[in-house]
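The values are calculated or read from the model by the stated rules, or taken from the named source; none is laboratory data. Since the structure is predicted, the reported quantities are computational estimates derived from the model, not experimental observations. As a convention, Cβ positions derive from the backbone with ideal geometry for all residues, glycine included, and neighbour counts pool all protein chains shown. The protein model used for the area step is the full one, side chains on, heavy atoms only, and it has no ligands, DNA or RNA in it. Shrake-Rupley method; radii C 1.70, N 1.55, O 1.52, S 1.80 Å.
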Amino acid sequence: MLSVGIIGLGTIGSVVSKALDHGIVGMTLTAIASGCRDKAKADIAKLSVPVSLMTIDEVTECCDIIVDCAPKSVFRDIAVAALSRGRILVTVSGAGILANEDIEQMAKENGGQLILATGALLGLDAVRAAAEGTINSVRMITRKPPNALAGAPHIINNGISLDGLNGAIQVFKGSAREGAKAFPANVNVAAALGLAGIGADETELEVWADPHLNRNTHSIEVDSDSAKFSLQIENVQSESNPGTGKITALSVIACLRGMTMPMKIGS
């Protein structure tokens with residue numbers, strides 16, 4: 001049995017913890033770390049199997065697989081603690097990876113592995129396959145309800161008002177790398193797309209605030225020497241965090257299941 005530790009018990013971590021508690025073949029939930037310890041204790045009490053509440057270092061010391069469900073502000077602490085110990089780190093923080101590109105070498109040197117789960121992005125397998133050849137261009141347009149973008153650094157720093165919008169407005173245009181810095185909690189999908197395909201600096205990104213939407217929508221266009229394709233996904237918002245789609249936590253669960261199942265679907 002592989003021991004699993006979850007760091008962060010919010011929108012994503014709470015869903016993943018319940019799935020592990022219900023049972024994922026070959027894995028057992030062993031430990032949890034959370035910055036909100038009182039809430040974490042209450043959530044842990046609802047699990048059927050006792051789980052220890054630990055610090056980040058303690059979780060990465062005792063668990064084989066570390067699932068990062070924490071805010072980006074502590075991503076590096078988690079990555080260094082896990083990968084320096086040769087652990088498997090599963091995350092949806094493409095933005096965190098872009099901001100800490102040295103951690104891949106850290107994983108290599110210590111026998112660890114960094115896994116970026118699909119998150120809210122579909123078609124990542126197709127993009128990765130196209131990247132084995134030559135990708136000419138990748139363009140992504142993200143449209144979200146204003147409440148999903150409120151509080152992002154780019155919105156605050158540029159004094160962009162999202163109140164009372166009557167129509168959609170473009171709030172950002174640039175590269176996926178620039179977008180990951182501008183919206184660290186909102187465009188992990190763009191960061192993942194950049195990492196999987198042509199690169200974060202060459203991946204074009206637009207972000208729109210649209211008051212007529214109630215779902216987080218991502219449209220992607222890829223042109224390569226092997227295929228030209230378009231993708232669109234409309235993600236249902238999580239109740240506790242409108243900036244995160246429900247499918248994000250489910251993608252982490254699917255990633256974990258794929259690590260131990262006798263048959264894995266998709267590359």
Residues satisfying the stated conditions in segment 179-198, i.e. under 21 Å from Ala168 (Cα atoms) and either modelled with pLDDT of 95 or more or surrounded by fewer than 20 Cβ atoms within 10 Å (Cβ to Cβ) (or both): Ala185
Any hit, segment 41-56, residues being modelled with pLDDT of 95 or more and under 14 Å from the mean Cα position of the chain (by Cα): no
Test: residue in segment 68-87 that is open to solvent by 20 Å² or more (accessible area, probe 1.4 Å), among the charged types (D, E, K, R) and touching a strand residue (DSSP E or B) at 6+ places or on another chain (Cβ under 7 Å): yes
Contacts under 9 angstrom Cβ, first residue in segment 47-58 being in contact (Cβ under 8 Å) with a residue 24 or more places away in the chain, partner of a type outside the set (Ser, Thr, Tyr) and in a loop (DSSP other than H, G, I, E, B), 6 or more apart: Ile56/Ala70
Matching residues in segment 216-243 - criterion: being among the hydroxyl-bearing types (Ser, Thr, Tyr), open to solvent by 20 Å² or more (accessible area, probe 1.4 Å) and within 19 Å of Leu9 (Cβ to Cβ): Ser240
Qualifying residues in segment 199-215 (those that are open to solvent by less than 50 Å² (accessible area, probe 1.4 Å) and touching a residue at least 40 places away in the same chain (Cβ under 8 Å)) - the one farthest from Leu165 (Cα to Cα): Ala200
Unmet requirement for Ile103, which otherwise passes all of (1) open to solvent by less than 40 Å² (accessible area, probe 1.4 Å); (2) within 12 Å of the chain's Cα centre (by Cα); (3) of a type in the set (Val, Ile, Thr): (2)
